[in-house]
Amino acid sequence: MHVSSAILALFGLLSGLATASPMDVNHGLTSRATTFDNPVFWEDYPDLDVFRVGDVFYYSSSTFAFSPGAPVLKSYDLVHWTPVSHSVPTLNFSNRYNLESATSRAYVKGIWASTLRYRKSTDTFIWMGCVQDTGATYIWTSPGTNAAANNGEVSSWNWTAKGSIPKCYYDVGLLIDDDDTMYVAYGNTKIMVSQLNKDGTGEVKSQQVYASPDGTTIEGSRMYKKDGFYYIFVTKPANAEWVLKSKSPWGPYDRKVLVDSISGPLSSAGFSHQGGVVDTKDGKWYYVAFMDSYPGGRIPVVAPLTWTSDGWPEVVKVNNAWGQTYPVPVTTSKTVPPPTGISTFVKLGPEWEWNHNPDNSKWKLVGGQGGLTLGTATVTNDLFSARNTLTQRILGPKSSGTFHLDISKMASGDRAGAVLFRDVAAYIGIHKEGTTTSLVMVNNLNLKSDWTTGSTGSVAATATAIAATTTDLWLQIRADITPAFGTNTARQATFWYSTDGKTYQQLGPSFGLSNTWQFFTGYRFGVFNFATKALGGQVLVKDFELKAL
Ligand SMILES: *[C@@H]1O[C@H](CO)[C@@H](O)[C@H](O)[C@H]1NC(C)=O
Ligand SMILES: *[C@@H]1O[C@H](CO)[C@@H](O)[C@H](O)[C@H]1NC(C)=O
């Protein structure tokens with residue numbers, strides 16, 4: 001979870017590695033490629049857990065204070081992924097997740113490394129995660145709709161809170177043993193194993209099973225059983241992955257290093273680490289890890305895994321590095337939709353997450369392809385304290401996000417627009433004052449290191465083109481999230497607008513993205529609407545287009 005600051009010192013060693021390649025050209029509906037490129041999915045889906053049911057690979061990820069939390073992604077080949085649901089529909093751990101005031105916010109808190117598994121005996125998907133500010137571990141489950149019998153397919157998700165355990169299972173990994181007993185591995189530096197009760201809502205036994213030498217930080221546990229051995233994979237952040245192996249879930253565990261400071265597959269990114277392992281239907285194994293790739297967050301990479309005769313896993317390397325290309329894990333005609341395209345908000349798909357829990361009384365789907373209304377939900381001068389900013393991950397290495405808005409129902413004092421959202425942020429949007437409608441580019445919004453607001457931003461440019469009668473406005477952000485982690489290079493984003501959806505004008509200077517890791521989440525595209533005077537105004541978000549550049 002934490003990226004050790006020592007890692008920054010290691011970046012000197014990273015120079016001269018393979019250069020970034022263009023996005024996998026084989027992504028798409030007609031893919032029958034024989035190889036794939038890393039990263040497999042250039043979006044910020046960190047702290048992953050991965051497993052398979054039938055033909056379907058599932059992937060769970062951390063989301064901090066974004067809501068809904070803990071997205072579930074699916075794939076048929078480990079390469080093409082699409083989000084399908086969220087395990088935690090609302091972050092109701094405490095009021096601070098509602099962004100109710102500037103002094104009650106949950107930035108960087110909430111959903112950290114957590115776990116997702118399918119339990120065949122009860123046909124249930126089980127998500128568990130510790131929320132550190134309450135010190136408890138929460139369990140949410142969804143019926144599997146006969147997933148095992150249907151080759152892994154789930155016809156509909158219905159996540160409900162199953163309970164909580166009054167103990168923090170830090171960076172928890174769930175194992176459902178062959179006899180259906182459930183164990184969790186968790187902890188930081190000292191790795192613990194707990195056995196859960198029959199329905200997984202309480203603990204029956206707990207024991208420390210491993211302590212790292214010299215108190216080295218290890219975390220991100222994932223627990224597996226294979227050929228009679230128990231394994232706990234742990235990360236030594238942010239550069240190594242260790243494997244612990246034992247005949248018993250309770251140890252003693254032997255240790256081997258799976259990867260340590262492995263270079264590639266992208267330059268100016270961190271080492272591939274953490275994540276989990278999964279097998280294919282025909283018995284091949286893969287390690288799905290992630291790389292610190294700020295400003296874009298942490299993105300997944302896949303490599304084949306082989307096993308020694310005495311049961312230790314080994315990553316298949318290319319030129320002693322994590323391969324940029326490997327043979328495809330699964331050849332299949334089953335596909336998932338690409339991340340790019342236009343959404344008209346027929347539904348609010350699982351690619352969308354709000355900044356903190358939304359005020360659900362202030363937004364709604366119009367219906368059909370009518371878009372989404374976003375009423376102001378907070379009176380504030382501070383975007384970081386405004387509820388109902390709706391975000392989507394940026395597709396790397398470069399993409400644009402275009403929000404088509406109807407701004408005719410904005411009220412005096414309202415601020416609405418398209419934001420490049422992170423702890424150091426910028427936006428293009430409308431500042432409405434009386435009957436004056438100003439189209440502005442605002443930069444220099446930031447949070448301080450204690451996550452209080454450092455700056456609410458300054459207007460860097462104002463366009464004169466917008467008339468009081470303008471209703472339709474397209475606001476576009478073009479962002480480059482090519483990794484620049486540990487470098488002094490600031491990747492750039494630019495802000496654009498159009499009044500016809502065809503011709504775009506740039507507004508304001510380009511904006512340098514922050515490469516730091518401390519906010520955990522990478523940059524996102526977002527749409528916001530907040531009031532500085534009084535609630536009542538609204539914008540209509542007619543559609544959104546994510547386009548690879
Ligand atoms: C969160 O909401 C669910 C219902 O959606 C409820 O069962 C659960 O107890 C709530 N948790 C907390 C901590 O309030
Ligand atoms: C979802 O699950 C809850 C609790 O089990 C149940 O009350 C509700 O009817 C379910 N909803 C749907 C749409 O199946």
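So what are region 40-183's ellipsoid semi-axes, whole angstrom, largest first, if each one is the square root of 5 times an eigenvalue of the alpha-carbon gyration tensor? Don't jump to the answer; show the numbers that get you there.
On the way: eigenvalues 133, 61, 34 Å².
Whole-Å semi-axes of the equivalent ellipsoid: 26, 17, 13.
Just list whichever of LYS120/LYS256; LYS74/LYS334; LYS74/LYS198; LYS190/LYS236; LYS74/LYS281 have alpha carbons separated by over 19 Å in the model shown. Before the final figure, lay out each step's value.
On the way: LYS120/LYS256 31 Å; LYS74/LYS334 11 Å; LYS74/LYS198 27 Å; LYS190/LYS236 12 Å; LYS74/LYS281 15 Å.
Listed pairs above 19 Å: LYS120/LYS256; LYS74/LYS198.
Regarding region 268-400, what are the three Cα extents along the principal axes, ordered largest first, in Å?
Over region 268-400, Cα extents along the principal axes are 62, 36, 28 Å.
Extending each Cα 7 Å along its Cβ direction at VAL459 and ASN158, get the distance between those two points in nm, one decimal.
5.1 nm
Just from its helices, what would the mean residue ellipticity at 222 nm be for the chain, if runs of 4 or more DSSP H residues each count -39500 (n - 2.57) and the sum is divided by every residue, rounded to the nearest 500 deg cm²/dmol? Before the final figure, lay out each step's value.
On the way: 1 runs with 5 residues, N = 549.
Calculated at 222 nm, the ellipticity per residue is 0 deg cm²/dmol.
Using the structure shown, select from LYS167/LYS347; LYS245/LYS317; LYS448/LYS533; LYS225/LYS347 the pairs with a Cα to Cα distance greater than 28 angstrom.
Numbers: LYS167/LYS347 36 Å; LYS245/LYS317 22 Å; LYS448/LYS533 25 Å; LYS225/LYS347 39 Å.
Violating the 28 Å limit, Cα to Cα: LYS167/LYS347; LYS225/LYS347.
Stick to Cα atoms and the Kirkwood definition of Rh, then tell me Rg/Rh for region 341-548. It would help to have the intermediate numbers written out before the result.
Numbers: Rg = 15.8 Å, Rh = 16.9 Å.
Taking Rh as the inverse mean 1/r over Cα pairs, Rg/Rh reads 0.93.
Two decimals is fine: what is log10 I(q)/I(0) at q = 0.12, 0.22, 0.25 Å⁻¹ for region 169-242, from a Debye sum with one equal scatterer on every Cα and no solvent?
-0.31, -0.94, -1.13
Which one of ALA411, ALA425, THR391 has its Cα pushed farthest toward the positive end of the charge dipole of region 358-481, where Lys and Arg give +1 and Asp and Glu give -1 at the Cβ?
Sorting the options by dipole projection puts first THR391.
Can you work out the PRE-style zone for ASP282? Point 7 Å along Cα to Cβ, and I want the residues of region 296-314 with backbone N under 17 Å.
Under 17 Å, as judged by backbone N against the label point of ASP282, lie 304-306 of region 296-314.
Please state, rounded to one decimal and in Å, the Kirkwood hydrodynamic radius that region 501-542 gives when every pair of distinct Cα atoms enters the mean of 1/r. Can you show the working numbers first?
Numbers: mean 1/r = 0.0681 Å⁻¹.
Kirkwood radius, region 501-542: 14.7 Å.
What's the extension gain from LYS120 to ASN92 if we count 0.36 nm per residue and subtract their Cα-Cα distance? Spell out each step's value before the answer.
On the way: separation 28, 0.36 × 28 = 10.08 nm, distance 2.80 nm.
Full extension of this stretch gives 7.3 nm more.
Would you compute the Debye intensity of the chain from its alpha-carbon atoms alone, equal scatterers and no solvent, and pass along log10 I(q)/I(0) at q = 0.05 Å⁻¹ to two decimals?
-0.19
On full extension of the chain, what length is gained from ASN150 through THR189, given 0.36 nm per residue of separation minus the C-alpha to C-alpha distance?
Working: separation 39, 0.36 × 39 = 14.04 nm, distance 3.99 nm.
Length difference between fully extended and current span is 10.0 nm.
Give me D for region 332-415 in µm² s⁻¹, whole number, from Stokes-Einstein with Rh from the Kirkwood sum over alpha-carbon pairs, 20 °C and 1.002 mPa s.
143 µm²/s
How large is ³J(HN,Hα), in whole Hz, for each residue of region 129-134 in order, when computed from phi with the Karplus curve 6.51 cos²θ - 1.76 cosθ + 1.60 and θ = phi - 60°, using x for Gly and Pro?
Each residue's phi maps through the Karplus curve to give x, 8, 10, 5, 6, 10 Hz.
Can you give me the C-alpha center-to-center distance between region 93-141 and region 271-317, rounded to a whole angstrom?
Each part's Cα centre sits 25 Å from the other's.
One quarter of the convex hull surface, Cα atoms only: what value does that give for region 38-315 in nm²? Walk me through the numbers on the way to the answer.
On the way: hull surface 57.0 nm².
If I average the Cα hull's projected area over directions, I get 14.3 nm².
Quick note: the coordinates plus some simple rules give every number you see, no bench work behind them. Since the model is a prediction, treat every value here as computed from it, not as a measurement. Backbone-built Cβ (ideal geometry, glycine too); neighbour counts: all protein chains shown.
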